[in-house]
Amino acid sequence: MTEKLACAAIWMAGPELWRVQLFMVASPSFFIYSKNMIIDTHSHLNFKVYDEDRAEVIARSQREGIVCIDVGVDYDTSKKAVELAEKYNNIFASIGLHPTESEEFNKNKYLELVKSKRVVAVGEIGLDYFRNKDKERQKEIFIKQLELAEELNLPVIIHCRNAHEDVIEILENYKLNGVVHCFTGNLDDMQEYLKLNFYIGINGIILKQNLDEVIKQCPLNKILTETDCPFLGKEKRNEPGFVKEVIKKIAQIKKCSFEEVASATFQNAKNLFKI
Ligand SMILES: [Zn+2]
């Protein structure tokens, strides 16, 4: 479809369709934001579990007006995230080595990936003392990647499990911005991250675990919505569209509208990731 035809279609179909059509006419390097957009700041559309029907899953997310940060967990998934971000205008990439992966961290390989303008963050990186007991190795790789983020002037996406004390202590040494993804810590942990100017990543875990008090006390301008798909959904394989359930729940807890939460969190993502 040519741009002129697309514009004509938008004109005829009215506002309901214009968001979808904009996706069709905008190339990745010329992304146009529209009203009512939603952000999923943590998806793994790069995972093999989407190999069969990835294009359909992404098309669904586009129809729903969802912009995704596609997050790598090692070199291969980071590379895939960059490829997807280069191909689809509603996807941006984050590159990094997850603390439970056994890969050796090779900075030069990741630097190659960052040549793409679609890379907006380093992550997911961090510490996981629940699944990986080798604390020293994890810290070493985490620090190397924080230094990489600092060098590249990019925000970080943090994975933290049973390790908030150490993550906070390490982050205090850096002037970095970022998000603590899938936050499940307590109120004190949250306050420490807010002091560091970090955002709090909230996903479908709030439908299973009671994080109401954290959500109540976290200012809306510090919350980022996410799915962590393919994990943490209602179905066996989660998708970006599930972020709407997360937004609904936040709105219910904060006693405000869906639109208020969606637009504030979208703006937060724009501020953090410069998208
Ligand atoms: Zn993840």
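Assorted remarks:
- Residue among Ile157, Ile91 that alone is in the same structural domain as Ile206 (by TED's automatic domain parsing), without any contact (Cβ under 8 Å) to a residue 60 or more places away in the chain and within 16 Å of the ligand (Cβ to nearest atom): Ile91
- Tyr50 modelled with pLDDT of 50 or more, within 15 Å of the ligand (Cβ to nearest atom) and over 17 Å from Asn203 (Cβ atoms): yes
- Reported count of residues in region 117-141, each being more than 16 Å from the ligand (Cβ to nearest atom) and either in a loop (DSSP other than H, G, I, E, B) or more than 16 Å from Gly96 (Cβ to Cβ) (or both), is 7.
- Any hit, region 94-116, residues being in a strand (DSSP E or B), within 15 Å of the ligand (Cβ to nearest atom) and under 21 Å from Lys48 (Cβ atoms): yes
- Here region 93-118 is the region considered, the condition is being among the polar types (S, T, N, Q) and at pLDDT 95 or above, and the residue that is farthest from Glu147 (Cα to Cα) is Ser116.
- Residues in region 104-135 that are of a type in the set (Lys, Arg) and touching a residue at least 24 places away in the same chain (Cβ under 8 Å): Lys107, Lys109, Lys117, Arg118, Arg131, Lys135.
- The set of residues in region 56-84 that are farther than 23 Å from Arg161 by Cβ and touching a Pro at 6+ places or on another chain (Cβ under 7 Å) comprises Ser61, Ile66.
- Within the set Ile200, Ile205, the sole residue that is within 27 Å of Gln252 (Cβ to Cβ), part of a strand (DSSP E or B), assigned by TED's automatic domain parsing to the domain that holds Val246 and within 16 Å of the ligand (Cβ to nearest atom) turns out to be Ile200.
Here is a yes/no grid of residues against (1) part of a helix (DSSP H, G or I); (2) farther than 21 Å from Ile157 by Cα; (3) touching a residue at least 12 places away in the same chain (Cβ under 8 Å):
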{"site": "Leu224", "(1), (2), (3)": "no, no, yes"}
{"site": "Lys234", "(1), (2), (3)": "no, yes, yes"}
{"site": "Val243", "(1), (2), (3)": "yes, no, yes"}
{"site": "Ile247", "(1), (2), (3)": "yes, no, yes"}
{"site": "Val261", "(1), (2), (3)": "yes, no, yes"}
{"site": "Thr265", "(1), (2), (3)": "yes, no, yes"}
{"site": "Asn271", "(1), (2), (3)": "yes, no, no"}
{"site": "Ile275", "(1), (2), (3)": "no, no, yes"}
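- Residues satisfying the criterion are absent from region 136-151 (criterion: touching a residue at least 60 places away in the same chain (Cβ under 8 Å), surrounded by fewer than 21 Cβ atoms within 10 Å (Cβ to Cβ) and under 20 Å from the mean Cα position of the chain (by Cα)).
- Residue in region 173-190 that is within 16 Å of the ligand (Cβ to nearest atom), in contact (Cβ under 8 Å) with a residue 12 or more places away in the chain, in a strand (DSSP E or B) and among the hydrophobic types (A, V, I, L, M, F, W, C) present: yes
- The one condition in (1) within 24 Å of Val114 (Cβ to Cβ); (2) surrounded by 13 or more Cβ atoms within 10 Å (Cβ to Cβ); (3) at pLDDT below 95 that Ala8 fails to fulfil: (1)
- Of all the numbered requirements in (1) under 17 Å from the mean Cα position of the chain (by Cα); (2) crowded, with 17+ Cβ neighbours inside 10 Å, Leu113 misses one, and that requirement is (1).
The values are calculated or read from the model by the stated rules, or taken from the named source; none is laboratory data. Keep in mind that what you see is a predicted model, and the values were worked out from it rather than measured. Counting neighbours? That spans all protein chains shown, and the Cβs are built from the backbone with ideal geometry, glycine included.
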